[in-house]
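Working notes, structure below.
What follows draws every value from the coordinates through simple rules; no lab data is involved. Bear in mind the structure is a predicted one, so any value in this text is a computation, not a measurement. Counting neighbours? That spans all protein chains shown, and the Cβs are built from the backbone with ideal geometry, glycine included.
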Ligand code: ADP
Ligand code: NA
């Protein structure tokens with residue numbers, strides 16, 4: 001049982017995950033549970049970097065866990081837990097805050113984007129330091145691999161820098177992790193503006209597929225996706241970002257290569273591609289929605305999975321934290 005470790009986290013705040021979350025991150029979580037000792041968590045500590053209604057946060061956290069299970073996480077193959085159930089995250093987070101330069105933290109581009117959207121009065125210090133809490137999240141599990149979308153690459157780089165810094169100053173303590181980003185699906189684009197990533201905060205409702213939407217709503221969004229004015233169905237991300245994004249989604253959901261799809265649609269128009277992809281989408285989301293509902297309808301099972309997950313996670317996290325505290329001089 002000497003498998004490499006994997007760790008990732010996902011925020012519960014939007015209620016429903018979107019297609020970018022699934023293709024960029026969650027699909028990789030599912031794959032890595034076969035090859036890694038994998039830890040996945042719903043990051044509710046990260047969620048409160050912006051104001052949350054308590055009842056909504058609690059419901060969305062459970063909904064997030066239910067969706068992860070519905071997407072294929074298997075509690076027999078991975079450890080699934082809620083971040084706030086493991087207090088070591090906040091504890092190591094403080095240590096990492098004290099190792100990070102203010103200038104270094106200021107260079108995080110996600111913070112610049114998010115704080116620009118919120119305005120300075122609504123931007124919390126927690127939003128500023130959240131990448132540093134993420135460093136602690138990863139290092140606590142001695143993770144080798146961090147499955148994420150492309151937008152998280154900079155945060156994993158920060159994690160590597162801080163692991164090296166701690167190890168250099170106090171002696172070997174933390175594994176230096178690497179991002180696990182799948183080239184094809186690391187960035188899924190908005191359906192209405194295929195030059196920006198699909199995102200819960202930046203996309204318009206029509207540009208984003210919420211996995212828990214009525215299947216016919218998702219189908220309609222695919223059918224009205226923005227493409228270019230030509231008609232040839234070819235994968236060319238620079239020239240034809242809209243069509244290329246649809247081909248990536250189609251290829252990944254069906255396991256058909258992009259080359260095969262180009263052949264299949266030779267001489268056919270964008271309408272045919274969109275109609276078929278809409279059907280593929282409906283076939284994927286329909287069982288996903290019902291599996292999610294099954295977990296929500298059985299709160300005892302869900303609670304028990306999350307309680308066992310927290311217990312397994314804590315055993316690992318507490319050991320790492322004790323080593324780090326000892327090295328620091330606590
Ligand atoms: P969002 O970016 O919509 O706010 P999160 O920050 O909660 O979503 O992202 C959760 C995970 O999904 C992260 O690993 C992130 O990199 C990945 N992800 C988010 N959006 C996309 C996208 N459009 N394409 C690929 N991966 C994505
Ligand atoms: Na993100």
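Some values worked out for this structure:
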| item | result |
| --- | --- |
| Residue 319 versus residue 165: modelled label distance in nm, points set 7 Å from Cα along the beta carbon direction | 2.7 |
| Residue-averaged [θ]222 nm for the chain, counting only DSSP H segments that reach four residues, each worth -39500 (n - 2.57) | -16500 deg cm²/dmol |
| Helix 54-70 axis, angle to the chain major axis (alpha carbon atoms, nearest 10°) | 70 |
| Nearest-0.05 FRET efficiency for residue 52 and residue 76, computed from C-beta distance (R0 22 Å) | 0.10 |
| Separation of alpha-carbon centers, segment 277-330 and segment 1-28, rounded to whole Å | 10 |
| Residue order, fewest to most surrounding Cβ atoms within 10 angstrom, among 308, 221, 114, 183 | 183, 308, 114, 221 |
| Antiparallel bridge percentage (DSSP; both residues within the chain; nearest 5) | 10 |
| Label-reachable residues, segment 193-220, where backbone N falls under 18 Å from a point 7 Å from residue 256's Cα toward its Cβ | 219 |
| 14 Å cut-off, amide nitrogen to a point 7 angstrom out along residue 303 Cα→Cβ, residues in segment 39-64 | 62 |
| Normalised alpha carbon radius of gyration of the chain [divisor 2.2 N^0.38 Å] | 1.03 |
| Cα gyration tensor shape for segment 188-330, rounded if a/c is under 1.5, else prolate or oblate | prolate |
| Between helix 299-328 and the chain: long-axis angle, C-alpha atoms, 0 to 90°, nearest 10 | 50 |
| Part-to-part distance (alpha-carbon centres) for segment 169-203 and segment 44-89, which is given in Å | 19 |
| Residue 97/residue 183 FRET efficiency (R0 45 Å; Cβ-Cβ; nearest 0.05) | 0.85 |
| Relative contact order (percent, whole number), segment 192-322, Cα cutoff 8 Å, 6+ residue spacing | 24 |
| Sorted peptide list for 120-126, 316-322, 32-38, criterion being average Cβ within 10 angstrom, highest first | 32-38, 316-322, 120-126 |
| Gained length - residue 154 relative to residue 230, 0.36 nm times residue gap less alpha-carbon distance | 23.8 nm |
